[in-house]
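A quick write-up on the structure given underneath.
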Ligand code: UDP
């Protein structure tokens, strides 16, 4: 078998060349990292869970007319995706205060925000993904005002849809992170959702108990990360083969 050469290796995924021009393969690893990779571990089976959960959510988001890079799941760990030019901005959506915003603004974890808040961070590990304003995005040419308008519109629609999807299975969507890119076809450029949507980049709390069912279990050494991801998959009705 021909050994595939990684085009890019991130903290939780590896990107390989796809079988056709304009496609890539996204491979989900078992590595868990937090605090800009200062904390690291391997959680056997996490990559498989995220592959299936992200497939489920990307398909549902696509059915609601929000373009995204997902084409198909190839196997337990790999997805075929469209090759995008990634916009180096992380779009963080917050419904409830948790994580980095709490110490930054002196908020108590769990306080419900008056409205959905969108924050932008520069996607740059070396700089620790600093928070940026839309003006930085325009000044440094990371995206144009009209591209950012589409990104914000898609983001708010995704938040509305996911909030409802998760509430329906007894889960509160606290916050999450999205990435977008440019897809070029026949000389036209379309903004598309990229990356993954999984408990690695969402905060998901049980609606009754507020139990954390996301990567905070790893960040805070709560244990039971894989079981939490399995619970999310189970409630979403996703069937995942055993022995991964
Ligand atoms: N997030 C992410 N990748 C990052 C930073 C944040 O997926 O590099 C997600 C994180 O899982 C959470 C949301 O974005 O759901 C908000 O994260 P926050 O800014 O509170 O940062 P953190 O607590 O991860 O430092």
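The values are calculated or read from the model by the stated rules, or taken from the named source; none is laboratory data. These numbers were taken from a predicted model, which means no experiment stands behind them. Positions of Cβ are generated from backbone atoms using ideal geometry, with glycine treated the same way; all protein chains shown enter the neighbour counts.
For the structure I just gave you, tell me whether residue 193 is within 17 Å of residue 13 (Cβ to Cβ) and touching a strand residue (DSSP E or B) at 6+ places or on another chain (Cβ under 9 Å).
yes
Only strands (runs of 3 or more DSSP E) wholly contained in the stretch 34-149 count here; list those with 1 or more residues that are over 18 Å from the mean Cα position of the chain (by Cα) and away from the ligand (no atom under 16 Å from the Cβ).
39-42, 112-122
Out of 190, 184, report the one residue that is loosely packed, with under 15 Cβ neighbours inside 10 Å, under 20 Å from residue 79 (Cα atoms) and over 18 Å from the mean Cα position of the chain (by Cα).
184 is the lone residue from the list that is loosely packed, with under 15 Cβ neighbours inside 10 Å, under 20 Å from residue 79 (Cα atoms) and over 18 Å from the mean Cα position of the chain (by Cα).
Looking only at the stretch 193-244, count how many residues are within 16 Å of the ligand (Cβ to nearest atom) and outside any helix (DSSP H, G or I).
Looking only at that region, the number is 23.
Using beta carbons and a limit of 8 Å, which pairs, at least six apart or on different chains, have the first residue in the stretch 168-182 and more than 28 Å from residue 146 (Cα to Cα) and the second one surrounded by fewer than 21 Cβ atoms within 10 Å (Cβ to Cβ) and modelled with pLDDT under 95?
none
Would the stretch 150-170 turn up any residue that is outside any helix (DSSP H, G or I), more than 12 Å from the ligand (Cβ to nearest atom), more than 20 Å from residue 25 (Cα to Cα) and in contact with a strand residue (DSSP E or B) (Cβ under 8 Å, 6 or more places away or on another chain)?
Yes, the conditions are met somewhere in the stretch 150-170.
With respect to residue 98, is the statement that it is under 22 Å from residue 159 (Cβ atoms), surrounded by 18 or more Cβ atoms within 10 Å (Cβ to Cβ) and touching a strand residue (DSSP E or B) at 6+ places or on another chain (Cβ under 8 Å) true?
Against the criterion (under 22 Å from residue 159 (Cβ atoms), surrounded by 18 or more Cβ atoms within 10 Å (Cβ to Cβ) and touching a strand residue (DSSP E or B) at 6+ places or on another chain (Cβ under 8 Å)), residue 98 qualifies.
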